[in-house]
Every structure is written in structure tokens, then in C-alpha cells.
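Here's the structure we're looking at; comments come further down.
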Amino acid sequence: MKGHGTLEAVPDELSAADILRFLQTDDPAVIAHLYRTADRIRAEYVGDEIHIRALLNISNYCIRNCCYCGLRRDNRELVRYRMTADEIVAAARRAAAQGYRTIVLQSGEDPFFTEEIVCDIIAQIRSSCDIVITLSLGERNYQTLMRWFQEGARRYLLKYETSDPTLYQAIHPDMQFQDRIRMLENLKEIGYQTGTGIIVGLPGQTYASVADDILLFHKFDADMIACGPFIYNPKTPLCQTTPDRQRYIQPDAVSVYKVIALARIMTRDTLIPATTALRMITPRDGVRMAFQAGANVIMHNVTPQPYAALYEIYPQQAGVDQFPTREAFVSFLESATGRTVSHGYGDRRAVVEGKRRHPERQHVARP
Ligand code: 5AD
Ligand code: SF4
């Protein structure tokens, strides 16, 4: 590490070697400088506003078997649920009435939600409330994604989790890294604001592979980037390990803050959340620190009970959000961060202004 000068003159991009050094350093002064630089860039490129997304977990059925996730199909200990179309539309209307301007419809990869059923849900929400629809429904084919976009969905989340093909293969039985990347490219081509992200501290995940993940955020020109710590779930086959610090990135909050900061520095004007997984391991500090290290987005779970408690990706994630209303959440956020919560839709600025890095893919995201 060359000292503080390395980042002061931070160019448009950091090299893989720079990123690696920041991920590996334990020097508190260098880490503080990293956060400050990310915070300055965040203020310059996306301003001080925080964007809140309503999160509706519509089904916990999943046909995939990701080794780290409690929703995996082989987890027989989980009680499964699926919201009806009417329940989903009613929840979206309630969210809009409370002042949310984005709703994320998320589920495990559940084939029950066919192209037609989701089209119908999108149409009903769009005809009855002013809210941007984000989908997070797993891997789907081009035609289906196109239909949903035409119906009015505007954003899609699909994390690649790790860009290390060997690690990806080891923890995703029956899945291919290339399929993820192809789908992410399809989403961009269709015109979605496209979110991706990683899990930080997966067993066997090296610092170098996380540096590559961060470079890929930039190369892919992701619009939204979500990074959370790996949280061990005893109902899954992935073991809890104590990774060797020299080689492997730790699944701790500081690793996540660093990844957020580096993603902000590399991608400038993107939407970066303080993720639920991060808040799970450090509920209060996680929010404050993530927002000081480059984050500008947060999700608020609006899934009704009894479903909310069953969306158990990892332990304790399930359950009632501490904040019963949007208002209560807003006042917590504003006092924890000293920033204000936006009343807008929270699109990526480059998309709205047509300044996406790949000009052939410009789309304005307003429905
Ligand atoms: N720890 C952290 N994040 C997890 N996810 C799934 N299981 C875990 C876990 N054990 C995240 C993945 C996935 C989303 C559904 O939740 O990033 O994209
Ligand atoms: Fe299913 Fe997603 Fe969990 Fe994998 S990470 S098992 S696709 S819900």
C-alpha cells in the first residue's frame, strides 16, 4: 500500500492489484480513507438521498439447490408458502399508499410464477398504483423477460454471487456461471435496470476472486450492486469454517463495507444497498457504516405475516422487521445517517439521463 495518496488521486478505475490491496489491508487509517473516498464519490455522483425499496417475498419455493441457502429445494425443514396474485397486488397497493415508489417482487426460483401469471400481476399493479416494479425471480428466458418488461417491469435483480467459475460450480449444483452472465446481458439488452451482487466470505472465496467480482461490476456496467456477508445456515450443506485470513476473505462486516466502498469507487453512479444480510450481522452499525462507505439504497420488508417469517434464507433473517411502518423506518434511517430519504423512484441517474456507459443500450426507465 503506497499510503493515502493512492486513493486521493483515484482515477476512473482502480487496478485489480489496487483493489486486492484494499481488500487485504488491516490498517485502520487506510480503511478509513477508503470509506471517505467512497463517501465523497457517492455524494458527488448520486447525492445524499437514500432510496427505500419495499421488499415483498412472494414465494419461498425454489427448484435450485444452492449450497448456502435455506430456500434450497432439498431443505425439507422449511414450511413453504406462495402468495396469491390477489395478495401480491393488495400488498403492492398498500406499499404505494404508504409512500414507497419501488416494490421488489422476490421469490425462490418458483415455476408456479409463469410468464402469464407474472404478466397479470404486473398489469394489475401498474393499473392501480404508481410504483416501479423490480423483479427478483431467478433465471428466466429472454422471451419471458421481454414480456415482463413490455408489461411494465423496469428493474431486475440477479446476483452472480461469485465470478470465480470453480467456486460457483462447487456451490451451485446444476447451475452454470455462463447462464447467469448471459441472463444479465439479456436483461441489459431488453432495457431493465439490472442489479447484481455477490456474497462476501463464502467458504473458499479468495481476496483475488472478490477483486475480480468488483472489476466485473464495472465491466458489466451493473445499475445496482448488492453485497452481503455469507451467513452460515445449519440447514444447508455448506459448512461453517474459520477461513485462513491470509488467503480468504472473511464473512464479516468490515469485508462488506470494503466491497461496498470499492464498488462505489469503481462504478460511481450506481445504486448500492445496505443489504439485509449485512444488517443481520450488525443491525444498527451495519446501516450507518454502509451509508458512510458508499451505499445509497435500503430495502424494507413489507411481506405480511405469517409469510415473512418463512422466508428463511439464513437463520434469524425471518421474522418481523423492527420497523412496523415506512415512517418509522424513515425516521430511524434519517437519524442513523444524517441524510434524507428520497420521495422519487430512485432510478440510476445514468439511465435517466441516458449516460449509460454502453450507449447502444440506453433506455429511460420510467414506465
Ligand atoms: N448468506 C448470505 N446470503 C445468502 N443468500 C442466500 N443464502 C445466503 C447465506 N447463507 C443470498 C444470495 C441470494 C439471495 C437469495 O440471498 O445472495 O442471491
Ligand atoms: Fe433458490 Fe436463490 Fe436460494 Fe439459490 S439462492 S436456493 S436460487 S432462493
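The values are calculated or read from the model by the stated rules, or taken from the named source; none is laboratory data. Given the structure is predicted, the values throughout are model-derived calculations rather than measurements. Glycine gets a Cβ as well: all are built from the backbone with ideal geometry, and neighbour counts include every protein chain shown. Heads up: the accessible areas ignore ligands, DNA and RNA and are worked out on the full protein's heavy atoms, side chains in. Shrake-Rupley method; radii C 1.70, N 1.55, O 1.52, S 1.80 Å.
Quick check, is Arg94 more than 30 Å from Ala211 (Cβ to Cβ), in contact with a His (Cβ under 8 Å, 6 or more places away or on another chain) and either at pLDDT 95 or above or not hydroxyl-bearing (Ser, Thr, Tyr) (or both)?
No; evaluated as a whole, the condition is false for this residue.
With Leu187, Leu105, Leu167 as the choices, which residue is surrounded by 22 or more Cβ atoms within 10 Å (Cβ to Cβ), within 16 Å of ligand 1 (Cβ to nearest atom) and farther than 30 Å from Glu327 by Cα? Talk me through it step by step, then tell me what you get.
Numbers: Leu105 fails: farther than 30 Å from Glu327 by Cα; Leu167 fails: surrounded by 22 or more Cβ atoms within 10 Å (Cβ to Cβ).
Testing whether each residue is surrounded by 22 or more Cβ atoms within 10 Å (Cβ to Cβ), within 16 Å of ligand 1 (Cβ to nearest atom) and farther than 30 Å from Glu327 by Cα leaves just Leu187.
(1) over 17 Å from the mean Cα position of the chain (by Cα); (2) surrounded by 17 or more Cβ atoms within 10 Å (Cβ to Cβ); (3) under 17 Å from Met83 (Cβ atoms): which one isn't true of Asn301, the others all being true?
(1)
Which residues, taken from the range 214-229, are away from ligand 2 (no atom under 16 Å from the Cβ) and open to solvent by less than 10 Å² (accessible area, probe 1.4 Å)?
Ile214, Phe217, Asp221, Ala222, Asp223, Ile225
Only one of these is modelled with pLDDT of 75 or more and within 30 Å of Glu189 (Cα to Cα): Gly354, Gly338. Name it.
Checking each option against the conditions leaves just Gly354.
Which residues, taken from the range 90-102, are touching a residue at least 60 places away in the same chain (Cβ under 8 Å) and open to solvent by 10 Å² or more (accessible area, probe 1.4 Å)?
Residues satisfying the conditions are Arg94, Gln98, Gly99, Arg101.
Quick one: count up the residues across the range 47-60 that are assigned to a loop (DSSP other than H, G, I, E, B), more than 9 Å from ligand 2 (Cβ to nearest atom) and in contact with a strand residue (DSSP E or B) (Cβ under 8 Å, 6 or more places away or on another chain).
Residues flagged as assigned to a loop (DSSP other than H, G, I, E, B), more than 9 Å from ligand 2 (Cβ to nearest atom) and in contact with a strand residue (DSSP E or B) (Cβ under 8 Å, 6 or more places away or on another chain) within the range 47-60 amount to 1.
Which members of the range 230-250 meet the condition of being away from ligand 2 (no atom under 16 Å from the Cβ) and in contact with a strand residue (DSSP E or B) (Cβ under 9 Å, 6 or more places away or on another chain)? Talk me through it step by step, then tell me what you get.
The initial filter retains those residues of the range 230-250 that are away from ligand 2 (no atom under 16 Å from the Cβ), namely 239-250.
Answer for the range 230-250, where residues must be away from ligand 2 (no atom under 16 Å from the Cβ) and in contact with a strand residue (DSSP E or B) (Cβ under 9 Å, 6 or more places away or on another chain): Thr241, Arg247, Tyr248, Ile249, Gln250.
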